1. Within region 330-341, is even one residue more than 16 Å from Arg29 (Cβ to Cβ), assigned to a loop (DSSP other than H, G, I, E, B), in contact (Cβ under 8 Å) with a residue 40 or more places away in the chain and not small (Gly, Ala, Ser)?
2. Based on this model, can you work out whether Arg172 counts as modelled with pLDDT under 95 and closer than 24 Å to Pro80 by Cβ?
3. Yes or no: region 78-91 includes at least one residue that is in contact with an Asp or Glu (Cβ under 9 Å, 6 or more places away or on another chain), more than 30 Å from Glu326 (Cβ to Cβ) and either modelled with pLDDT under 95 or aliphatic (A, V, I, L, M) (or both).
4. Within region 119-150, restricting attention to residues that are part of a helix (DSSP H, G or I) and out of contact with any strand residue (DSSP E or B) (no Cβ under 8 Å at 6 or more places or on another chain), which residue is surrounded by the fewest Cβ atoms within 10 Å (Cβ to Cβ)?
5. Suppose we filter Tyr374, Tyr370 for residues that are touching a residue at least 24 places away in the same chain (Cβ under 8 Å), within 23 Å of Val77 (Cβ to Cβ) and more than 17 Å from the chain's Cα centre (by Cα); which single one remains?
6. Based on what the data block shows, is Leu294 in contact (Cβ under 8 Å) with a residue 60 or more places away in the chain, surrounded by 15 or more Cβ atoms within 10 Å (Cβ to Cβ) and part of a loop (DSSP other than H, G, I, E, B)?
7. Within region 306-362, count every residue that is in contact with a His (Cβ under 8 Å, 6 or more places away or on another chain) and more than 20 Å from Ala128 (Cβ to Cβ).
8. What number of residues in region 212-261 are touching a residue at least 40 places away in the same chain (Cβ under 8 Å), within 16 Å of Val273 (Cα to Cα) and assigned to a helix (DSSP H, G or I)?
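The values are calculated or read from the model by the stated rules, or taken from the named source; none is laboratory data. Note that this is a predicted model, so its numbers are computed, not measured. Please note: Cβ atoms are built from the backbone with ideal geometry, for glycine as well, and neighbour counts cover all protein chains shown.
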Amino acid sequence: MCSSSLRGVVAAVVLLAAAGHPSAPAAERPNFIVIFCDNLGYGDVACFGPTKHRTPHLDRMAEEGLKLTSFYATSGVCTPSRASLITGCYPRRVGLHVNSQGGAVLFPIEKKGISDGEITIAEVLRQAGYATTIVGKWHLGDQPPFLPTRHGFDSYFGIPYSDDMTETPDGRRPPLPLMENERVIEAPPDRNLLTQRYTERVIEFITENRDRPFFVYMPQAMPGSTAAPFASERFRGKSANGPWGDSVEELDWSTGEILAALKRLDLDQRTLVVWTSDNGAPRRNPPQGSNLPLAGWGYTTAEGGQRIPCIVRWPGKIPAGTVSDELCTTMDLLPTLAHLAGTRPPSDRVIDGHDIRPLLFGGPEAKSPYEAFYYYYMDQLQAVRSGHWKLYLPLESKWQNFRRDGKPAAAELYDLKDDLQETKNLAEAKPEVVERLLAFAERARADLGDANRPGTGQREPGWVDDPKPRLLSQP
């Protein structure tokens, strides 16, 4: 179990990492807002491709900023994806690639969670003088040692796990908790109102902290994990794509409200806003979300599972109407925001993310910092990308059907420059590329591990022996 003494050591390490690199004056440091949607697909937003959804605010945000068209989550599911954004590391490195029972994500009353020894993006920024908050879905552990307020966030308002993890008749799961810091204030909340309430909280926070640098992490609840996503009355039934479209259009409204508040408060040119998703849209029957023009669905290592829409906006700093197709990931937010804040990421451990300021500000000549990117499904390495080549590895173990919808588990090589649908297997035609990417895969196995093979660079997750449910009466 986590200890306060370890937390003190972590804080000291953060301070030492920043020593010799003083932060810029508050007036010169940018504010940061990271909006992280849940299960929203690459093709769910108009500016990334044909869609049924009306997303005028996001389309305008893209016109005023930068579209990253090869931006990746490190997993096709919630917990590991969020772990990477928060820590700047692959999920296997921080032990959050599976839950305590070997499942894909953390559930209520979970023994496992983010380690007290990890240094989060919020801790790095708070030590640099930032006000920090999270408004939305956490999903890195619901026990007290794992909560956001123990990991660098000054405040927290939201649900600690997925919106579909609701009360069960047998009592094994409690009512869905809405939390204020470490206290449950409603159980269950009206999920139709979450997007609206989260938006109001974020605007309240930036208004209260407009005279100091701030970091807002806004992991939205929607479109969410339920078969029929939720939306407020203003949006319910108004889209051309049922509940999914209703929720996406309300998310677009939410982003518009936040951008309008920045302008109203004269913070627009002092604030970097990142808008993205945790993974692709999952398969539904009938389909609701869209990952087009990419192949596949969320919860897999297909492009549609892990390549996600991303828009970055900072007026006067990021050139308007620009597009980069260079590979970058959610892991890059920690080192990039740290440098922009006038500090540095932790130097006492491996951070897998990269400083992508050149991609944000450097124009079309800027290149990806990644020699290789690794696609894991739970504990298994399933694919590798290097440059525009993606290799699905030859697999024979338990998760192979999650990779390619039951197709044979031979090596498959795709040129993502010309084949986003992953239809033309070039493995036989390009054996030298296959060999090169297999070497990258072996490097990842040695460092991060694969299936039952541990990696030398893995770190332990957090753990409690006797987890308790988050209940309304509980402090």
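1. Scanning region 330-341, I find no residue that is more than 16 Å from Arg29 (Cβ to Cβ), assigned to a loop (DSSP other than H, G, I, E, B), in contact (Cβ under 8 Å) with a residue 40 or more places away in the chain and not small (Gly, Ala, Ser), so the answer is no.
2. Yes, satisfied.
3. no
4. At the first step, the residues of region 119-150 found to be part of a helix (DSSP H, G or I) are 121-127, 144-146, 148-150.
From what is left, the residues that are out of contact with any strand residue (DSSP E or B) (no Cβ under 8 Å at 6 or more places or on another chain) are 123-124, 127, 144, 150.
Working: Glu123: 22, Val124: 26, Gln127: 20, Pro144: 18, Arg150: 21.
Ranking the qualifying residues of region 119-150, first place goes to Pro144.
5. None of the others qualify; the one that does is Tyr370.
6. yes
7. Selection size over region 306-362: 1.
8. Matching residues across region 212-261 total 10.
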